[in-house]
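Worksheet: one structure, shown below.
The values are calculated or read from the model by the stated rules, or taken from the named source; none is laboratory data. Just so it is clear, the model here is predicted, and its values are computed rather than measured. All Cβ positions, glycine included, derive from the backbone under ideal geometry; neighbour counts span all protein chains shown.
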Amino acid sequence: MAYSNKVLDHYNNPRNVGALDKSAPDVGTGVVGAPECGDVMKLQIRVEGDRIVDAKFKTFGCGSAIASSSLATEWIKGKTLDEALGIKNTQIVEELSLPPVKIHCSVLAEDAIKSAVNDYKHKQGK
Amino acid sequence: MKLPIYLDYQATTPVDPRVLEAMLPYFSVHFGNAASRNHSFGWEAEAAVEKAREEVAELIGASPKEIVFTSGSTEAINLALKGAAEMYRDKGRHIITSQAEHKAVLDTCKHLERQGFEVTFLQPDRTGRVEVAAVEQALRPDTILVALMWANNEVGTLNPVREIGALCHARGVLFFTDATQAAGKIPVDVEADQVDLACLSAHKLYGPKGVGALYVRRRGPRVRLVAQMDGGGHERGMRSGTLNVPGIVGLGAACRLAREELAADAAHAAELRDHLERCILEGLDQVHLNGNRTHRLPNCLNLSFAYVEGESLLMGINDVAVSSGSACTSASLEPSHVLRAMAVGDELAHSSIRFGVGRFTTREEVDFAAERVIAAVRRLRELSPLYEMAKEGIDLKTVHWQGGH
């Protein structure tokens, strides 16, 4: 399978790899996917006020899954929570030129953003 | 050392230059149709085909009259299974095979199920091996055929062919074995092993693609098949179609070389395979061998790298050509059916890589591949949330996963 240059770039130079303190009140953590499905994404955000000031990820999955989550962290940094929730998987598909069999990777990345935001909101009692 | 490095010898092999040289005259100089009986062009072609038939027969301990040329193993499997099932359907309708077989066998068996046959798909053990006791238990009075591979193409595990052959002969049941990965790699003897039908493919043993052979036993018992290809009645009526003379010459030359160099090839492959395994296991923890350490092909190594997904690993070692059992490398998004049948667990199936070494592999290439694999796995583990969780002491089996696909 041939990968787009953008997928290769994110795979070779993933942005924002790492972890934030998941117990911190200003950090939201989303873990989606399952090992037996071959995809697990962990996406974390640090929020100040209503704005995402930092984002980190770790992904177990194929190159497209790594690229989707790397791109997601890049996109959500600096956005408000509502703006981040507005990101659609189809935008990721388009940006990375994902083929049909890899669309589930973009869906997972969208789910990871939502899950991290919900975790943060839950912690804040919102 | 030239990049990329080819370590996928179970998928296919390069044509040996000596094989190519033997083939070339049969494209343009000796181009005759082997079925042309009334001129020298035809006689030359026929003589070359018959010489090749002898070479194929000798590699597997058969007689030349027992060799039917086909387009490869898939066709040979279709002919053997459908041809025998149709021929012996009045004797019984039950067939035994295993879940770890190649798709050519599995899908042919599913086709036969739709034709009214009953098929038992045995589950192999965790190493991919089907023990003779399991076959014995599955045998029924109406069993007509047992189809079990000699060596598995994904993990290299060898089945106890000799014991299964003896059992089948004692019970009067035909025994087909897919010898595609075994022929030329390990000694194959259809007499000693009591095999009735066996297939092989030229491109797995340094011959050309598009040609293979089916062995059909002629004595004790005489096996009869219903032809699956109608036409001019070539190959004793079992496979019509003008013979692929250059391909068959190539298959014959490849079989001769495989026979003459079998011991040296096997020793070379085993040494490099073991070296590769040692290097990787020394460089990384949490690596699992898929397959059978005792009963396995000398040239195959299938490893699962825990916490790392197979396709992403392939991307990280793109100068090394290998295969993965990961779902993401297949269109179906299902992980390898062989690893599933072996119950290694889907997460390890997603993390599996098959390495195949061969006649032209060098130690330098193996060293390079091991280095690249170790570096890529380390990098991807730093990227892996599973590795992080495992390091924190979380048992991944107890985690409630959400949103899996």
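Return yes or no: is B:THR294 free of Cβ contacts under 8 Å to residues at least 12 places away in the same chain, more than 11 Å from chain A (Cβ to nearest Cβ), at negative phi and not charged (D, E, K, R)?
Values: free of Cβ contacts under 8 Å to residues at least 12 places away in the same chain: yes; more than 11 Å from chain A (Cβ to nearest Cβ): yes; at negative phi: yes; not charged (D, E, K, R): yes.
Yes: the conditions hold for B:THR294.
For residues in the range B:38-67 being outside any helix (DSSP H, G or I) and of a type in the set (S, T, N, Q), which is surrounded by the most Cβ atoms within 10 Å (Cβ to Cβ)? Let's see the steps before the verdict.
Of the residues in the range B:38-67, the ones outside any helix (DSSP H, G or I) are B:38-39, B:61-63, B:67.
So of that shortlist, the ones also of a type in the set (S, T, N, Q) come out as B:38, B:63.
Details: B:ASN38: 7, B:SER63: 16.
Among those residues, the one meeting the criterion is B:SER63.
Condition first: under 18 Å from the mean Cα position of the chain (by Cα), surrounded by 15 or more Cβ atoms within 10 Å (Cβ to Cβ) and farther than 18 Å from B:CYS168 by Cα. Can you find one or more residues in the range B:116-123 that meet it?
For the range B:116-123, residues under 18 Å from the mean Cα position of the chain (by Cα), surrounded by 15 or more Cβ atoms within 10 Å (Cβ to Cβ) and farther than 18 Å from B:CYS168 by Cα: absent.
Those residues that are of a type in the set (Gly, Ala, Ser) and at the interface with chain A (Cβ under 9 Å from one of its Cβ atoms), I need them from the range B:346-355; list them, please.
First, pick out the residues of the range B:346-355 that are of a type in the set (Gly, Ala, Ser): B:349, B:351-352.
Within the range B:346-355, B:ALA349, B:SER351 qualify.
Residues in the range B:265-276: is at least one more than 25 Å from B:ASN159 (Cβ to Cβ) and loosely packed, with under 15 Cβ neighbours inside 10 Å?
Initial filter on the range B:265-276 (more than 25 Å from B:ASN159 (Cβ to Cβ)): B:275.
If we keep only those that are loosely packed, with under 15 Cβ neighbours inside 10 Å too, we end up with none.
No, every residue in the range B:265-276 fails to be more than 25 Å from B:ASN159 (Cβ to Cβ) and loosely packed, with under 15 Cβ neighbours inside 10 Å.
Of (1) in contact with a strand residue (DSSP E or B) (Cβ under 6 Å, 6 or more places away or on another chain); (2) surrounded by fewer than 22 Cβ atoms within 10 Å (Cβ to Cβ), B:ILE186 satisfies all except one. Which?
Checking B:ILE186 against (1) in contact with a strand residue (DSSP E or B) (Cβ under 6 Å, 6 or more places away or on another chain); (2) surrounded by fewer than 22 Cβ atoms within 10 Å (Cβ to Cβ), the one that fails is (1).
Considering only the range B:275-289, how many residues are charged (D, E, K, R) and more than 28 Å from the chain's Cα centre (by Cα)?
Of all residues in the range B:275-289, those charged (D, E, K, R) come to B:277-278, B:282, B:285.
Then drop every residue that is not more than 28 Å from the chain's Cα centre (by Cα), which leaves B:282, B:285.
Counting residues in the range B:275-289 that are charged (D, E, K, R) and more than 28 Å from the chain's Cα centre (by Cα) gives 2.
What number of residues in the range A:1-24 are over 24 Å from B:MET389 (Cβ atoms), touching a residue at least 40 places away in the same chain (Cβ under 8 Å) and within 11 Å of chain B (Cβ to nearest Cβ)?
4
Name the residue that is farthest from A:GLU74 (Cα to Cα), counting only residues in the range A:32-49 that are more than 9 Å from chain B (Cβ to nearest Cβ) and either crowded, with 17+ Cβ neighbours inside 10 Å or modelled with pLDDT of 95 or more (or both). I'd like the intermediate steps shown before the answer.
Going through the range A:32-49, the residues more than 9 Å from chain B (Cβ to nearest Cβ) turn out to be A:43-49.
With the extra rule that they be either crowded, with 17+ Cβ neighbours inside 10 Å or modelled with pLDDT of 95 or more (or both), the set shrinks to A:43-48.
Values: A:LEU43: 11, A:GLN44: 12, A:ILE45: 11, A:ARG46: 13, A:VAL47: 15, A:GLU48: 17 Å.
Looking at the filtered set, the residue picked out is A:GLU48.
Restricting the search to the range B:315-345, which residues are assigned to a helix (DSSP H, G or I), at pLDDT 85 or above and at the interface with another protein chain (Cβ under 9 Å from one of its Cβ atoms)? Even if it seems obvious, please write down each step before you answer.
So in the range B:315-345, the residues assigned to a helix (DSSP H, G or I) come out as B:315-316, B:327-329, B:337-341.
Add one more test, that the residue is at pLDDT 85 or above, and what stays is B:315-316, B:337-341.
Selection gives B:MET315, B:GLY316.
If B:PHE117 meets every condition in (1) within 26 Å of B:VAL146 (Cβ to Cβ); (2) touching a residue at least 40 places away in the same chain (Cβ under 8 Å) apart from one, which number is that one?
Result: B:PHE117 passes all but (2).
Given the residues A:ILE87, A:ILE66, A:ILE52, A:ILE103, which is the only one that is out of contact with any Gly (no Cβ under 8 Å at 6 or more places or on another chain), without any contact (Cβ under 8 Å) to a residue 60 or more places away in the chain, more than 14 Å from every other protein chain (Cβ to nearest Cβ) and of a type outside the set (D, E, K, R)?
Details: A:ILE66 fails: more than 14 Å from every other protein chain (Cβ to nearest Cβ); A:ILE52 fails: out of contact with any Gly (no Cβ under 8 Å at 6 or more places or on another chain); A:ILE103 fails: more than 14 Å from every other protein chain (Cβ to nearest Cβ).
Within the list A:ILE87, A:ILE66, A:ILE52, A:ILE103, the selection yields A:ILE87.
Which one of the conditions (1) in contact with a helix residue (DSSP H, G or I) (Cβ under 6 Å, 6 or more places away or on another chain); (2) buried (at least 21 other Cβ atoms within 10 Å of the Cβ) does B:GLU235 fail to meet, given that it meets all the rest?
Evaluating B:GLU235 over (1) in contact with a helix residue (DSSP H, G or I) (Cβ under 6 Å, 6 or more places away or on another chain); (2) buried (at least 21 other Cβ atoms within 10 Å of the Cβ) leaves (1) as the failure.
Of all residues in the range B:373-405 being away from chain A (no Cβ under 14 Å) and at pLDDT 95 or above, which is surrounded by the fewest Cβ atoms within 10 Å (Cβ to Cβ)?
Our first condition is that a residue be away from chain A (no Cβ under 14 Å); within the range B:373-405, this holds for B:373-374, B:393.
Then drop every residue that is not at pLDDT 95 or above, which leaves B:373-374.
Details: B:VAL373: 26, B:ILE374: 18.
If we take residues in the range B:373-405 being away from chain A (no Cβ under 14 Å) and at pLDDT 95 or above, then B:ILE374 is surrounded by the fewest Cβ atoms within 10 Å (Cβ to Cβ).
Being part of a strand (DSSP E or B), surrounded by fewer than 24 Cβ atoms within 10 Å (Cβ to Cβ) and within 12 Å of another protein chain (Cβ to nearest Cβ) narrows it down to one of A:THR29, A:THR59, so name that one. Give the derivation first.
Working: A:THR59 fails: surrounded by fewer than 24 Cβ atoms within 10 Å (Cβ to Cβ).
Answer to the check: A:THR29.
Could you pull out the residue among B:LEU243, B:LEU174 that is of a type in the set (A, V, I, L, M, F, W, C) and surrounded by fewer than 24 Cβ atoms within 10 Å (Cβ to Cβ)?
Among B:LEU243, B:LEU174, only B:LEU243 is of a type in the set (A, V, I, L, M, F, W, C) and surrounded by fewer than 24 Cβ atoms within 10 Å (Cβ to Cβ).
Only residues that are over 12 Å from B:LYS65 (Cα atoms) and surrounded by 14 or more Cβ atoms within 10 Å (Cβ to Cβ): list them for the range B:214-223, please.
B:VAL223 - this is the single residue of the range B:214-223 that is over 12 Å from B:LYS65 (Cα atoms) and surrounded by 14 or more Cβ atoms within 10 Å (Cβ to Cβ).
Look through B:VAL68, B:VAL29, B:VAL56 and report the one residue that is without any contact (Cβ under 8 Å) to a residue 12 or more places away in the chain and assigned by TED's automatic domain parsing to the domain that holds B:GLY210. Spell out the reasoning first.
Details: B:VAL68 fails: without any contact (Cβ under 8 Å) to a residue 12 or more places away in the chain; B:VAL56 fails: without any contact (Cβ under 8 Å) to a residue 12 or more places away in the chain.
That would be B:VAL29, the only listed residue that is without any contact (Cβ under 8 Å) to a residue 12 or more places away in the chain and assigned by TED's automatic domain parsing to the domain that holds B:GLY210.
Within the range B:136-144, is there a residue that is in contact with a Leu (Cβ under 8 Å, 6 or more places away or on another chain) and buried (at least 24 other Cβ atoms within 10 Å of the Cβ)?
Checking the range B:136-144: not a single residue is in contact with a Leu (Cβ under 8 Å, 6 or more places away or on another chain) and buried (at least 24 other Cβ atoms within 10 Å of the Cβ).
Return the pairs, sorted by first residue and then second, in which the second residue is of a type in the set (Lys, Arg) and assigned to a helix (DSSP H, G or I), the first residue lies in the range B:354-372 and is in contact (Cβ under 8 Å) with a residue 24 or more places away in the chain, the beta carbons are less than 6 Å apart, and the residues are 6+ apart or on different chains.
B:VAL357/B:ARG273
When B:VAL373 is evaluated against the numbered criteria (1) more than 28 Å from the chain's Cα centre (by Cα); (2) within 17 Å of B:LEU301 (Cα to Cα), which criterion, by number, is the only one it fails?
Just one mismatch for B:VAL373, condition (1).
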